[in-house]
There are 2 protein chains.
Amino acid sequence: MDIIKSPIKGAGSIKVFAPATVANVVCGFDVLGFAVNAPGDEVVMRITGKPGVTISKITGDNGKLPLSADKNTVSASVQHYLKHINRTDIGVDIELHKKMPIGSGLGSSSASTVAGLFAINSLLDNYLTPMELVPFAMKGEELACGYGHADNVAPAILGGFVLIRSYEPLDIIKLPVPEGLYCAIVFPDVDVPTRDARQMIRSKVLLKDAVVQWGNVAGLVSGLFMNDIDLIGRSMKDVLVEPTRSILIPDFYKMREMAMEMGAVSFGISGSGPSVFAFTRDEQTAATITQKIQQHLTGLNIASYTYVSAVNQQGPKIIG
Amino acid sequence: MDIIKSPIKGAGSIKVFAPATVANVVCGFDVLGFAVNAPGDEVVMRITGKPGVTISKITGDNGKLPLSADKNTVSASVQHYLKHINRTDIGVDIELHKKMPIGSGLGSSSASTVAGLFAINSLLDNYLTPMELVPFAMKGEELACGYGHADNVAPAILGGFVLIRSYEPLDIIKLPVPEGLYCAIVFPDVDVPTRDARQMIRSKVLLKDAVVQWGNVAGLVSGLFMNDIDLIGRSMKDVLVEPTRSILIPDFYKMREMAMEMGAVSFGISGSGPSVFAFTRDEQTAATITQKIQQHLTGLNIASYTYVSAVNQQGPKIIG
């Protein structure tokens with residue numbers, strides 16, 4: 001690869017927002033994901049005089065995340081990026097501002113990593129395309145979750161709905177976003193580590209259940225292309241993973257019943273949970289759903305965070 | 001249901017063609033299928049004075065198919081249709097002209113059944129929509145194969161590419177047909193009964209393989225909507241069923257290698273086999289592929305039938 005000739009842009013400092021994401025989208029385990037406008041994380045990146053990547057500050061993480069540049073997913077993926085493009089001569093310092101909960105199943109590590117990669121790539125005049133950034137963000141996921149998946153990072157980078165058709169070779173397809181689709185998210189603040197949530201899932205499944213699942217995946221993808229929200233709703237069923245993962249989520253089936261009765265198009269687990277989400281046809285219904293479910297969780301003495309958002313179409317953006 | 005008031009149309013006789021179909025489309029086991037312009041079957045239906053359904057003639061079947069109205073899939077599904085619409089007072093006689101091989105994996109029974117149902121429905125002024133005919137045709141499949149599947153009959157009735165998102169309840173989605181897509185079909189004349197081909201398939205599969213499969217199903221569906229023939233080609237891989245079914249097909253992997261070297265977009269088993277098919281970007285490539293594969297099979301002392309066709313967009317049609 002040629003060494004980049006272009007100088008670093010602007011004042012040598014940039015602030016980037018990257019969105020939270022909902023992976024799996026109920027039926028599309030490990031292959032589908034979409035981005036939301038809120039929540040998300042922010043990264044401030046400054047050019048330093050000295051080669052190497054440092055993290056000077058992390059806010060909003062309650063001290064949970066490592067400041068060591070090799071161990072933090074943001075700095076590690078930026079290091080990986082700079083090495084790949086032969087620019088280890090560059091030095092940057094990172095401030096990470098967590099604006100969303102960790103361990104929520106909303107792609108928290110992905111939002112941070114993608115914000116960092118988008119920042120460095122913007123400072124280097126968009127040397128790589130958004131699609132080319134995906135493998136670097138997957139490296140960050142590997143560090144965070146022990147598994148380099150793409151169903152959070154790809155929608156966080158590209159925005160919208162994303163299909164990861166294949167991992168070897170990596171083949172990512174951006175899917176259309178239906179008009180007027182809103183997302184209601186509730187994060188019940190209970191602990192569901194991604195690693196444990198994955199290990200609970202059976203390694204073998206019945207072929208007949210797998211057929212039901214890929215019929216639904218095909219239906220959901222068709223619904224996105226056809227702008228058919230009814231079809232999207234009736235396709236969003238998961239016979240394979242949800243029955244196991246829902247065990248870790250307080251009152252999952254009750255929350256689903258509530259959401260569907262209030263007019264949700266669909267309801268399910270975001271990523272490995274414990275966050276849950278519903279699609280709706282308007283913002284008000286999404287707001288009502290989050291409010292009522294939060295009240296229900298409060299009655300169970302479970303704290304929760306709620307978010308209402310359209311599907312994010314843009315991916316990361318420069319905010320300063 | 002109201003009793004049909006409309007009189008039987010025209011001269012009380014009709015001749016219908018219904019197309020052969022390729023089920024599964026490699027990655028979409030039990031959920032995807034498409035129709036071709038050739039081959040297909042023909043049914044001549046005549047109104048008789050006497051209530052009931054009879055079959056007076058079957059040609060092209062080498063005596064394999066039953067003339068008994070209860071046992072033949074064409075007459076049985078027409079009986080079922082007439083009973084459903086409360087018109088058992090009507091009498092029809094059927095001539096079935098098999099214009100395609102039986103046991104080929106090209107939806108032979110489906111083509112016959114669909115021709116019969118389309119004929120009676122046309123005589124009754126299209127009382128049911130094409131979509132409403134699907135369950136009646138599935139009854140015919142149950143009689144023919146012991147399993148009421150829809151991945152042949154739905155595309156035979158509707159034309160084009162069809163997704164069976166769900167069986168319970170039945171939910172069928174018509175998918176777009178990419179421009180310029182041609183299909184090369186070779187039927188090596190060896191015996192692969194549908195029942196046996198299904199029984200060979202393992203009932204349990206690895207979840208990780210199922211994920212690969214539904215990534216590909218989603219990729220194929222996306223490719224159809226995006227008119228992206230490259231994406232269609234790279235999505236048409238089957239890690240679950242083809243490895244087993246290909247055992248019953250002479251020189252399957254050699255035929256695939258030949259087709260891909262000659263410029264095929266994709267290659268796989270049609271339904272439960274033994275027919276194989278390739279997608280191509282033009283008619284000439286499809287013709288060359290069928291010719292060369294037929295020569296190869298002849299060298300192995302295996303007789304074969306070949307067909308070259310665009311994807312059928314229309315479904316059944318009245319031809320007399």
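Table for the structure above
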item: Pairs, first within 17 Å of A:Asn152 (Cα to Cα) in the stretch A:268-290, second buried (at least 24 other Cβ atoms within 10 Å of the Cβ) and aromatic (Phe, Trp, Tyr), C-beta under 6 Å, six or more apart; result: A:Ser270/A:Phe277; A:Ser275/A:Phe187
item: Conditions (1) surrounded by 18 or more Cβ atoms within 10 Å (Cβ to Cβ); (2) touching a Phe, Trp or Tyr at 6+ places or on another chain (Cβ under 9 Å); (3) more than 22 Å from A:Val31 (Cβ to Cβ): number failed by A:Leu123; result: (2)
item: Given (1) more than 14 Å from every other protein chain (Cβ to nearest Cβ); (2) touching a residue at least 24 places away in the same chain (Cβ under 8 Å), number of the condition A:Gly63 does not satisfy; result: (2)
item: Tally, over the stretch B:94-108, of residues that are outside any loop (DSSP other than H, G, I, E, B) and surrounded by fewer than 24 Cβ atoms within 10 Å (Cβ to Cβ); result: 2
item: Top-ranked residue of the stretch B:97-133 - restricted to ones that are under 22 Å from B:Asp191 (Cα atoms) and β-branched (Val, Ile, Thr), ranked as modelled with the highest pLDDT; result: B:Thr113
item: Residues that are farther than 16 Å from A:Ala154 by Cβ and of a type in the set (A, V, I, L, M, F, W, C), drawn from the stretch A:90-119; result: A:Ile90, A:Val92, A:Ile94, A:Leu96, A:Met100, A:Ile102, A:Ala119
item: Residues being assigned to a strand (DSSP E or B), surrounded by fewer than 24 Cβ atoms within 10 Å (Cβ to Cβ) and either within 14 Å of chain B (Cβ to nearest Cβ) or acidic (Asp, Glu) (or both) - total across the stretch A:16-56; result: 1
item: Selected residue (criterion: surrounded by the fewest Cβ atoms within 10 Å (Cβ to Cβ)) from residues of the stretch B:57-86 that are among the hydroxyl-bearing types (Ser, Thr, Tyr) and either modelled with pLDDT under 95 or closer than 20 Å to B:Glu142 by Cα (or both); result: B:Ser68
item: Where B:Ile120 falls short, out of the listed (1) under 15 Å from B:Val16 (Cα atoms); (2) under 14 Å from the mean Cα position of the chain (by Cα); result: (2)
item: Verdict on A:Glu141 being touching a residue at least 24 places away in the same chain (Cβ under 8 Å) and of a type outside the set (Ser, Thr, Tyr); result: yes
item: Residue satisfying condition, being in contact with a strand residue (DSSP E or B) (Cβ under 8 Å, 6 or more places away or on another chain), of a type outside the set (Val, Ile, Thr) and over 21 Å from B:Val212 (Cα atoms), within set B:Met255, B:Met262, B:Met236; result: B:Met255
item: Filtered residues of the stretch B:164-195 (kept if within 13 Å of another protein chain (Cβ to nearest Cβ), among the charged types (D, E, K, R), closer than 28 Å to B:Thr244 by Cα and touching a residue at least 12 places away in the same chain (Cβ under 8 Å)); result: B:Arg165
item: Residues that are assigned to a helix (DSSP H, G or I) and surrounded by fewer than 24 Cβ atoms within 10 Å (Cβ to Cβ), drawn from the stretch A:145-157; result: A:Cys145
item: The stretch B:206-227 residues that are within 7 Å of chain A (Cβ to nearest Cβ) and under 19 Å from B:Lys174 (Cα atoms), paired with ones that are surrounded by fewer than 24 Cβ atoms within 10 Å (Cβ to Cβ) and among the hydroxyl-bearing types (Ser, Thr, Tyr) (beta carbon under 6 Å, 6 or more apart); result: none
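The values are calculated or read from the model by the stated rules, or taken from the named source; none is laboratory data. These numbers were taken from a predicted model, which means no experiment stands behind them. Counting neighbours? That spans all protein chains shown, and the Cβs are built from the backbone with ideal geometry, glycine included.
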